[in-house]
Amino acid sequence: MITTPPLPAARWHSLPISMALIASAPATAAEMTVTVTIPRLAVAEYHAPYVAMWVESDAGKPITTLATWYSVKLKANEGTKWLPELRSWWRKAGRTLAMPADGISSPTRPPGTHSVRFAGGTAPFGNLAPGNYRLMIEAAREVGGREIVAVPFQWPAKAAGGSTATGTAELGTVSLALKP
Amino acid sequence: MIAHFTVCRLLALAGLAATLATPASAHRRWLLPSITVMAGDKGLASVDAAASNALFAFDHRALGLDTLAITGPDGKPVSPVVIGKGEMRSAFDVPLAQPGTYRIALAMNGMMGSYVLNGEKKRWRGSRARLSEIPAGAANLELSENLGRVETFVTLGAPSTTALAATGQGLEMLPVTHPNDIVAGEPAEMRFVMDGKPAAGLKVEFVAGGTRHRDQAGIQTLTTNADGIVRLMAATPGFYYLEADMEGGTAAAPAPGQPAVKRRASYTAVLEFLPQ
């Protein structure tokens, strides 16, 4: 049975989702928990980084944006001005998304470890066709650098497990825990 | 002498004096935007206009803004906010009120000619619309037409192509790869047309900015294929300049029996290749 996946509040004008999203009706939803460490940096002028998290195929095709952490609270949507600094995300997905996007956009996070959980079958994760994917996380810091980290994963997860990758400058450890 | 004075006044009025006097290869003419990829409910790009040797240095003179034509994502003209015109550069801001791609251009088009009337050789400068100024008794009419386009592109939000449609006049660059969707290390393809038709075998010069700070000029000379398509490859991110010139195109004779118009068209563009 093929059903239309629940559409997130953001509008996916040009994301190629047709092949990746095949409906199933799981009894309990599988979960992905992303834990990311934002490093504490000793710089004269520190600003919490803008961060974008998204899923792409192992061939680099964007599937869905999971989270964007940026200055959402600025008036007149002014925080969106710097989103293109997350340049891979911007080019793959961000520039066709209306920001802020419900369930995706939230404020920047300070240095430390932060976890976010996504449920399979629910926006923004949605339904993923079985296959090999990458969780991408990109960070850009005002008067600082930009870094992108990829964590490969298989979907659906056959057993509980995870994988980890580490950034070198703007991102610390990024770990992905899957619960089938 | 009077004819010369009149020609000079015509040049000043047409704003052509500074821009058509020098051959295209002598100096590079460019519009350099402050940014090409933007986000937000609205945006603003600030653009410098200059002719120079080093890229993108202000080492020669400013470009006039009289022929500035900005096309918005809906295909309609956008008014710039002119900051000023100095000796070395002109500058203007482009307000971006709606999402999409904006085409920012200096589009110059002028004609000049000579003829003989009552035994005197006369010179004329004008445009196709003003060919009727040439008196009926003119003999030995020689006409030439110079078209020049100096362009750059900026996008607010998602790229679009409405503003990039060909005007069908002179030498133009049309996107195969969108000009605001280009990154270093990935080939970008552009299609050149002359009067709307593919410009095959056209030589295109392509060079990275920052020429003053390196020994090798690094100018790539590329050639368009049979479809007018050229493949641009920027090894490192930054602003790049490209230039192409060609002669010919549609050469409509001003009147039956008259010689064809000698046409020359030039095109320059500034493209920003972002990092991977």
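So B:G249 clears everything in (1) surrounded by 17 or more Cβ atoms within 10 Å (Cβ to Cβ); (2) in contact with a Leu (Cβ under 9 Å, 6 or more places away or on another chain); (3) within 28 Å of B:K76 (Cα to Cα); (4) modelled with pLDDT of 95 or more except one condition, right? Which one?
Checking B:G249 against (1) surrounded by 17 or more Cβ atoms within 10 Å (Cβ to Cβ); (2) in contact with a Leu (Cβ under 9 Å, 6 or more places away or on another chain); (3) within 28 Å of B:K76 (Cα to Cα); (4) modelled with pLDDT of 95 or more, the one that fails is (4).
Among (1) over 19 Å from the mean Cα position of the chain (by Cα); (2) surrounded by 14 or more Cβ atoms within 10 Å (Cβ to Cβ), where does B:E133 come up short?
(2)
Looking only at segment A:92-102, decide whether some residue is in contact (Cβ under 8 Å) with a residue 40 or more places away in the chain and closer than 24 Å to A:G172 by Cβ.
yes
Here is a check on your reading of the model: is B:A208 within 19 Å of the chain's Cα centre (by Cα) and of a type in the set (G, A, S)?
yes
Any residue that is out of contact with any Lys or Arg (no Cβ under 6 Å at 6 or more places or on another chain) and either acidic (D, E) or assigned to a helix (DSSP H, G or I) (or both) - is there at least one of those in segment A:107-123?
No.
Out of the residues in segment B:87-115 that are of a type outside the set (S, T, N, Q) and outside any strand (DSSP E or B), which is nearest to B:T67 (Cα to Cα)?
Taking the candidates together, the pick is B:R89.
Any residue in segment B:159-166 that is of a type outside the set (A, V, I, L, M) and assigned to a strand (DSSP E or B)?
Taking segment B:159-166 as the starting set, the residues that turn out to be of a type outside the set (A, V, I, L, M) are B:159-162.
Those left that are additionally assigned to a strand (DSSP E or B): none.
There is no residue in segment B:159-166 that is of a type outside the set (A, V, I, L, M) and assigned to a strand (DSSP E or B).
Determine, yes or no, whether B:F56 is in a loop (DSSP other than H, G, I, E, B), at pLDDT 95 or above and crowded, with 16+ Cβ neighbours inside 10 Å.
Considered against the rule, which asks whether it is in a loop (DSSP other than H, G, I, E, B), at pLDDT 95 or above and crowded, with 16+ Cβ neighbours inside 10 Å, B:F56 comes out as yes.
Scanning segment B:40-74 for residues that are of a type outside the set (G, A, S), under 25 Å from A:G94 (Cβ atoms) and touching an Asp or Glu at 6+ places or on another chain (Cβ under 9 Å), which turns out nearest to the other protein chains (Cβ to nearest Cβ)?
B:D41
What number goes with the only condition from (1) assigned to a loop (DSSP other than H, G, I, E, B); (2) surrounded by 13 or more Cβ atoms within 10 Å (Cβ to Cβ); (3) modelled with pLDDT of 50 or more that A:I17 does not pass?
So A:I17 meets the others, but not (3).
The values are calculated or read from the model by the stated rules, or taken from the named source; none is laboratory data. Keep in mind it's a predicted model, so treat the numbers as computed, not measured. Every residue, glycine among them, receives a Cβ derived from its backbone with ideal geometry; neighbour counts consider all protein chains shown.
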